[in-house]
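One structure is given here, and the rest of the page talks about it.
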Amino acid sequence: MKKLVLLILIFVLNYIEAQQKITVWPKGQMPNSKGLKLKTVEEKEGRITQIQDPELFAFLPAKEERKQMAIIIIPGGGYHHLTYDLGGYSYAKWLNTLGISAFVLNYRLPTSPDLKQREIGPLQDIQAAIKYIRKNAAQWGISPNQIGVLGTSAGGHLAAMASNFTDLTELKGDWVTISTIPDFVILVSPVIDLGEFAHKGSRDNLLGENASEEKIKEYSMQNRVTEKTPPTILFHAQNDPAVPVINSILYYEAMLKNKVKGSLQIFPEGEHNIGITNKSELTDNWKKLCADWLKRFNDK
């Protein structure tokens, strides 16, 4: 009995040690804020609907199993909430089984009353997170040149923004020279188009209900792809009722036009639930395809 208790205690301690909470912004340097004091609102089902300060949660494999690669996970939620557990922690734990360090980002939502400019708040947070991981890579035993992002649903839209927008962090000093563009990107059931094929909730939450056609075009990510867009792999289900599969197709077509390396995997089923556990064995195969694709970016 004592041995069992000891084993459980060791497991718990190791589990706690594997998770570190990191404040994304250097003190006093978070831009695009009115200075309001907000209460972080967390719901029982693993969702956050309001956040005061963006945070990263680190999930690190054992040192002897750790590769040089790290991936920042961007949860979805229609830019209304953050599915940090199902759309964040579960992916992180899976990546750890591959020896990949994972960091789940809880970012400011565009619906926050504290934001001066709603549509760039989430983008500034992922850009700052990428800078932070690159700057401090040595402490985790990872490479600053093997930092990717994984975004699901609206988090996929944010991952695509990080892939194609210039640095908006406004950070000074030695932060300036650190790139905000990820080295590779994984998009799972991503929101891409904010026009004809938009997930309306994501569009309205990001841009407001009366966004101009010009603004919609600017934030439809198929229009932002260039030859500098990082290698990207996309996964989508043909029968996705929330985010039509044409979103991923449009982005991949833009990648082809700009000669961006990558891959598009469309499954006949899976709806808007492609994740770590899947109803279909065929859809569940996305994890093997993704793991095999990632091998080309890992030096170890």
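Just the residues that are among the aromatic types (Phe, Trp, Tyr) and either under 20 Å from Leu194 (Cβ atoms) or assigned to a loop (DSSP other than H, G, I, E, B) (or both), please, taken from segment 239-289. The answer is Tyr251, Tyr252. Under the condition of being closer than 20 Å to Pro190 by Cβ, small (Gly, Ala, Ser) and part of a helix (DSSP H, G or I), the residues counted in segment 118-154 number 3. Close Cβ contacts (under 7 Å, 6 or more residues apart or on different chains) running from residues in segment 165-185 that are farther than 11 Å from Tyr132 by Cα and acidic (Asp, Glu) to residues that are modelled with pLDDT of 95 or more and assigned to a strand (DSSP E or B) comprise Asp183/Ile147; Asp183/Gly148. Ser179 falls short of the stated requirement of being surrounded by fewer than 21 Cβ atoms within 10 Å (Cβ to Cβ), among the polar types (S, T, N, Q) and closer than 20 Å to Cys290 by Cβ.
The residues of segment 285-300 that are modelled with pLDDT of 95 or more and out of contact with any Phe, Trp or Tyr (no Cβ under 6 Å at 6 or more places or on another chain), listed by number, are Asn285, Lys287, Lys288, Leu289, Cys290, Ala291, Asp292, Trp293, Leu294.
Provide a single number: the residues in segment 33-46 that are surrounded by 13 or more Cβ atoms within 10 Å (Cβ to Cβ) and in contact with an Asp or Glu (Cβ under 8 Å, 6 or more places away or on another chain).
The total comes to 3.
Filtering segment 62-81 to residues that are surrounded by fewer than 19 Cβ atoms within 10 Å (Cβ to Cβ), free of Cβ contacts under 8 Å to residues at least 60 places away in the same chain and assigned to a loop (DSSP other than H, G, I, E, B) leaves only Ala62. Note on segment 47-61: residues that are at pLDDT 95 or above, surrounded by 18 or more Cβ atoms within 10 Å (Cβ to Cβ) and in a strand (DSSP E or B) amount to 4. Residue-level check: of (1) modelled with pLDDT under 95; (2) surrounded by 20 or more Cβ atoms within 10 Å (Cβ to Cβ), Asn210 misses just (2).
When restricted to residues that are part of a loop (DSSP other than H, G, I, E, B) and over 15 Å from Ala137 (Cα atoms), segment 100-114 contains 8. Taking the criterion of being in contact with a His (Cβ under 6 Å, 6 or more places away or on another chain), of a type in the set (S, T, N, Q) and over 30 Å from Gln146 (Cβ atoms), the only residue of segment 192-248 that qualifies is Asn205.
Has segment 277-289 got at least one residue that is closer than 28 Å to Ala70 by Cα, of a type in the set (Ser, Thr, Tyr) and out of contact with any Asp or Glu (no Cβ under 9 Å at 6 or more places or on another chain)? Within segment 277-289, none of the residues are closer than 28 Å to Ala70 by Cα, of a type in the set (Ser, Thr, Tyr) and out of contact with any Asp or Glu (no Cβ under 9 Å at 6 or more places or on another chain). Scanning segment 186-230 for residues that are of a type in the set (A, V, I, L, M, F, W, C), part of a loop (DSSP other than H, G, I, E, B) and either touching a residue at least 40 places away in the same chain (Cβ under 8 Å) or touching a Lys or Arg at 6+ places or on another chain (Cβ under 8 Å) (or both) yields Val191, Ile192, Leu194, Phe197, Ala211, Val225.
Among residues of segment 112-131 that are closer than 11 Å to Leu168 by Cβ, those with a Cβ under 6 angstrom from a residue that is of a type in the set (Gly, Ala, Ser) and part of a helix (DSSP H, G or I), sequence gap 6+ or separate chain, pair up as Ile126/Ala162.
Yes/no per residue for (1) of a type outside the set (S, T, N, Q); (2) within 18 Å of Gly208 (Cα to Cα); (3) buried (at least 24 other Cβ atoms within 10 Å of the Cβ):
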residue: Asp85; (1), (2), (3): yes, no, no
residue: Tyr91; (1), (2), (3): yes, no, yes
residue: Asn96; (1), (2), (3): no, no, no
residue: Ile100; (1), (2), (3): yes, no, yes
residue: Leu105; (1), (2), (3): yes, no, yes
residue: Gln117; (1), (2), (3): no, yes, no
residue: Pro122; (1), (2), (3): yes, yes, yes
residue: Ala128; (1), (2), (3): yes, no, yes
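Given the condition polar (S, T, N, Q), modelled with pLDDT of 95 or more and outside any loop (DSSP other than H, G, I, E, B), answer yes or no: does some residue in segment 160-178 qualify? Yes, that holds for at least one residue.
The values are calculated or read from the model by the stated rules, or taken from the named source; none is laboratory data. This is a predicted model, so every value here is computed, not measured. Cβ sites come from the backbone with ideal geometry, for glycine too, and all protein chains shown count toward neighbours.
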